[in-house]
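Student: Structure in C-alpha cells, see below.
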Amino acid sequence: SSSLTQRQVLILLRRVSSASRSFSSEIYDIKELQEQIANFASSLAEKLRNQNSVACEVSVFAYTNRFKQSERQMYGNRLVQMQTPTSDQRIIVNMAVTALKELFCNGFGYLIVILLIRFKNIYPILSYFFKNDEYKLIFFP
C-alpha cells in the first residue's frame, strides 16, 4: 500500500480592513488629503502582508463637516477593483490616491476620510486531493 503525502491548498476568504480619520479642521488641499490616504493605504498594505492577505478592491470615502450647515456640503466615495489581488504597497497606495482624485471637488473642506480595503486571507491547509506538488487556489466569494 502506498502512503499519501500532504499537499497544500490555498483558500482565500473575503474580508475588509479599514482606516479612517476625522481631522481637527477641514482640509481643502488635495495634496494634503492624498498624503493622508497614502499613509492609510501604506499601513493597511503592511497589515495585509503581515497576515498573509491580498487586497482585491479599495474604497475611499470623503465627507465635509455636516455640522457646519452654513457651508456647502460634499460627500462621496469611489471604488477601485484590482485586476489581480495584491499586497504590494505601491499598487494599493496608487489605487487609493486614484480613488481620492476621482471624488475630490475643489472648494470643499473635507473633515473625514475613510479607506476600506477588501482583502482575502491566504490560509494553507493540508490536503490529500491533489497529485504531485500542485498548488490549487480556491476562491470563496
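Student: What length, rounded to one decimal in nm, is gained on full extension from residue 67 through to residue 46, with 0.36 nm per residue of separation minus their alpha-carbon distance?
Tutor: 4.1 nm
Student: Then there is this: Classify segment 19-66 from the C-alpha gyration tensor, please: rounded if a/c falls under 1.5, else prolate or oblate depending on whether a/b exceeds b/c.
Tutor: Numbers: a/c = 2.63, a/b = 2.33, b/c = 1.13.
Note, shape of segment 19-66 comes out prolate.
Student: Right, another one. With a sphere of radius 13 Å drawn around the Cβ of residue 64, what net charge do the other residues whose Cβ falls strictly inside it have (Lys, Arg +1; Asp, Glu -1)?
Tutor: Values: positive: 66, 68, 72; negative: 26, 71.
Summing Lys and Arg as +1 and Asp and Glu as -1 gives +1.
Student: Less than 13 Å Cβ to Cβ from residue 95, Lys/Arg counted +1 and Asp/Glu -1: what total charge do the surrounding residues give?
Tutor: Taking every Cβ under 13 Å from that of residue 95, the sum is +1.
Student: Give me Rg/Rg_expected for segment 19-110, where Rg uses Cα atoms only and Rg_expected = 2.2 N^0.38 Å with N residues.
Tutor: Values: Rg = 14.1 Å, N = 92, 2.2 N^0.38 = 12.3 Å.
Dividing the Cα radius of gyration by 2.2 N^0.38 Å gives 1.15.
Student: Here is a follow-up. Report the local net charge at residue 27: Lys and Arg +1, Asp and Glu -1, summed over other residues whose C-beta lies under 11 Å from its C-beta.
Tutor: Surrounding charge for residue 27 is -2.
Student: Please state, rounded to one decimal and in Å, the Kirkwood hydrodynamic radius that segment 54-94 gives when every pair of distinct Cα atoms enters the mean of 1/r.
Tutor: This gives a value of 12.2 Å.
Student: In nanometres, what is the gap between the two model label sites at residue 91 and residue 26, each 7 Å from Cα along Cα-to-Cβ?
Tutor: 3.8 nm
Values quoted throughout were computed directly from the atomic coordinates according to the rules given, and no laboratory measurement underlies them. Predicted, not measured: the structure shown is a model, and the values here were computed from it. Because the Cβ atoms are built from the backbone with ideal geometry, glycine has one as well, and the counts that use them run over all protein chains shown.
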